[in-house]
Structure formats: C-alpha cells, structure tokens
Amino acid sequence: MNEKTLAEIDYFRIRDLIANFCISEEGKKSLLEREPFTDSKKIEFLKNISREWVSYLTLTHNNPVKNWEPIHPLFSIIKTDGASLTLEQVRALGQFCLSVKNVKKSVLIHETDLNLKILPLEINKLPDESEAEKIIFRIITTDGELRDLPEIVAIRKSIASLNAKIKTIMQSYISDQKYESSLESNVPVLRGGRQVLAVKASQQNKIHGIIHEVSQSAQTVYVEPDEAVLCSNELIQKENELLQVINKILLDVTKALQPSIPFFRDALPLMIELDSTLAVAKWGSENNCTYALSCPGD
C-alpha cells in the first residue's frame, strides 16, 4: 500500500494518535515507524493481544507497563570492556527491570479470572530479570538515587562536615558586629563554587582572605576568608574523591551487567510489543472502537 493511499485512509494520523498512548519512548518510536502489516496471522495475533488488554484494563484500570528511558543504545556500552554507564543510564536499566517485573506480576495474577490466553504466553516469554535487577539495585534505590554504600558513606560525611564548617565560618563574620559596616550583604554568595562574602571595596582590608571577584562598579569585592579557604580546598579534594569512587562503582556495575545483555536484548522487543498493543487497547477503548472480524480463511 503506497503512502498516498495510507494518507487517504488516515493511517498516519491514527497511528500517531495511538503512539501517544504508549508508556515508553521506545514503544512510541516503534509505533511511529510502523507500516501496515500484510501477514494476516501477525495481524490477528496482535489484535488478540490487544483484545485481552481491553479485558485487563476494564477490570483493573491501571497501567501494567511502567515507563523506562531508552535502553537500546546502552547495549554497546555494557558489552565494551572498560566502558562505563552513567548513573542516569543505570537508572534507565533499573526502570526497565522493574517494568518487566511489574507487567509479569500484573498480568499473570489475572490470567484465570479474565480467561487470558495469548497475553500470558507473551508475558512468559520475558526472560528472568532478577539477576540484572539485583546488580542494579545494589547501588541505586528504586527511585534511582545512589545508595549510601559503605565506600562512599565516610566521604559524604566528610563533605557534609566541611560544608557545615564553612557555613559556621561565614556566619561568624556575618554575626560579628565589628564587620557589620564592612559587609554589603549579610548573606554569603557563591563565586566559582566557593562561598564568599560581599565586602565593601573600601573595607576589604578588614577581612583577610582571597578576593575571587570585583563588582562591575568596583564598589564590592567578593572575599573568601582565610579560615574558609582551607576548608574549601579540602572540600574540593573530598568531592573529587567521591567522584572517583562513584565512577569506580559505575565501572564495576557496567562490567557486572555484561552477562545480562541477553536479558535486555531479548526482553526489549517483547516489552515494546506489550507497550504498543496496550496503547492500541487504550486508544480503542477511549474511542469506543470494535475489532474488525477476521478475514475468511485466516
């Protein structure tokens, strides 16, 4: 069927509307790229899955497929020795594992009472996500935040302590009446990632420290007191140390996920299929659609 004919029957508009019901970006992309099928068995198969999704939605009114950020581009990173995923990419893989786990649980619990046939068969094709899930959620929470792992807890405590110490130093200047006439503001400001005091240029000798910036009018200088300089230098060292430790954790996790590549590779097309057929069911239900009868001989 050529593009002109498809446009005349409104295929592209309807396809795009249905794609908006997809939960995942990869599911939506797959639907937006879809051309009409010519294989009658494939058409009937997908219609039957979507029919069963309608039954599921009518009973539960919930989304069994949970969103995940695109993971296909991450496969090449995982399988490359020495490469490392970012925290956001590990989070995306974790979202995918949870979505696989949730769709299995959500559908199979209703297999009998809804008399589901084809949908459970597709769900049971999904490979076991537990090993990848265990590796990922050892380092992040289900919300995607980095856990307080033993190797970073001490560093984080040091960082918190140094930040508190710098805050105390700044407060000591702000609350000291002898500096009241020297300060332009009683609130510290950030310059170059370091806390500084806004000091009147004419009074800059009253506070010993490093001048990080001068205002355009040259009436204000931004001074980091000597006591804070040492703390800020140590803080930078600790933050760099934390970054190195986190990078090492991400490198180790990426390597640990290499045996799970088959899981992600095999599960992704199935999840895209489930997401897209669920989108069809949602759109159809919202628009009071009915499924076309099978062609004779199918």
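The values are calculated or read from the model by the stated rules, or taken from the named source; none is laboratory data. Predicted model, so just to flag it, every value in this text is computed and none were measured. We place every Cβ from the backbone using ideal geometry, glycine too, and count neighbours over all the protein chains shown. SASA here: full protein model, heavy atoms, side chains in, ligands and nucleic acids out. Shrake-Rupley method; radii C 1.70, N 1.55, O 1.52, S 1.80 Å.
Details
- Rounded to whole Hz, the Karplus (6.51, -1.76, 1.60) HN-Hα couplings of region 13-18, x for glycine and proline: 5, 5, 4, 5, 5, 5
- Total charge dipole magnitude, the chain, about the Cα centre, Cβ charges on Lys, Arg, Asp, Glu only, Debye to nearest 20: 340
- In degrees, nearest ten, helix 87-108 long axis to first principal axis of the chain (Cα): 40
- Stokes-Einstein diffusion for region 101-212 at 37 °C, viscosity 0.692 mPa s, with a Kirkwood radius from C-alpha pairs, works out to 166 µm²/s.
- For the chain, the mean residue ellipticity at 222 nm estimated from helices alone is -18500 deg cm²/dmol, where every DSSP H run of n ≥ 4 contributes -39500 (n - 2.57) and the total is divided by all residues, rounded to the nearest 500.
- The chain: angle of helix 261-286 to the longest principal axis, Cα-based, in degrees nearest 10: 70
- Distribution of pairwise C-alpha distances over region 1-132, 5 Å bins, in %: 2, 9, 14, 18, 18, 15, 11, 8, 4, 1, 0
- What the Cβ-Cβ distance of R13 and I77 gives, at R0 = 25 Å and to the nearest 0.05, is a FRET efficiency of 0.10.
- In degrees, nearest ten, helix 226-256 long axis to first principal axis of the chain (Cα): 20
- For region 57-130, pairs of C-alpha atoms spaced more than 19 angstrom apart make up 46 percent of the total.
- Of the residues A132, L146, A7, the one whose Cα sits farthest toward the positive end of the charge dipole of region 1-152, with +1 on the Cβ of Lys and Arg and -1 on the Cβ of Asp and Glu, is A7.
- With contacts taken as Cα pairs under 8 Å at a separation of at least 6 residues, the chain carries a relative contact order of 27 percent.
- Comparing S161, I49, I109 along the charge dipole axis of the chain, the residue lying farthest to the positive side is S161, per the Cβ-charge model.
- Kirkwood-based Rg to Rh ratio, region 178-298, C-alpha trace: 1.48
- Exposure check, 1.4 Å probe, all protein chains in place: K167 carries approximately 140 Å² of accessible surface.
- Cα point-scatterer Debye curve for region 150-240, base-10 log of I(q)/I(0) at q = 0.10 Å⁻¹: -0.27
- Sequence of I210, I272 when ordered by accessible area, the most exposed leading, probe 1.4 angstrom: I210, I272
- Estimated distance in nm for a label pair at K101 and Q219, the labels positioned 7 Å out from Cα along Cα-to-Cβ: 6.0
- Between the entries [x] -0.73, -0.79, -0.92; [y] -0.71, -0.85, -1.09; [z] -0.63, -0.75, -1.00, the label attached to log10 I(q)/I(0) by the Debye sum over Cα atoms at q = 0.10, 0.11, 0.13 Å⁻¹ calculated for this structure is [x].
- In this structure, the amide hydrogen of L85, modeled 1.01 Å from its nitrogen in the peptide plane, lies closer than 5 angstrom to those of T254, counting only residues at least 5 positions away or on a different chain.
- The apolar share of the surface of region 166-298, taken as the fraction of accessible area on carbon and sulfur atoms (1.4 Å probe, ligands and nucleic acids excluded), comes to 52 percent.
- Three semi-axes of the equivalent ellipsoid, region 28-75, Cα gyration tensor, whole Å, largest first: 22, 21, 8
- Solvent-accessible area of T290 with every protein chain in place, 1.4 Å probe, in Å² to the nearest 10: 130
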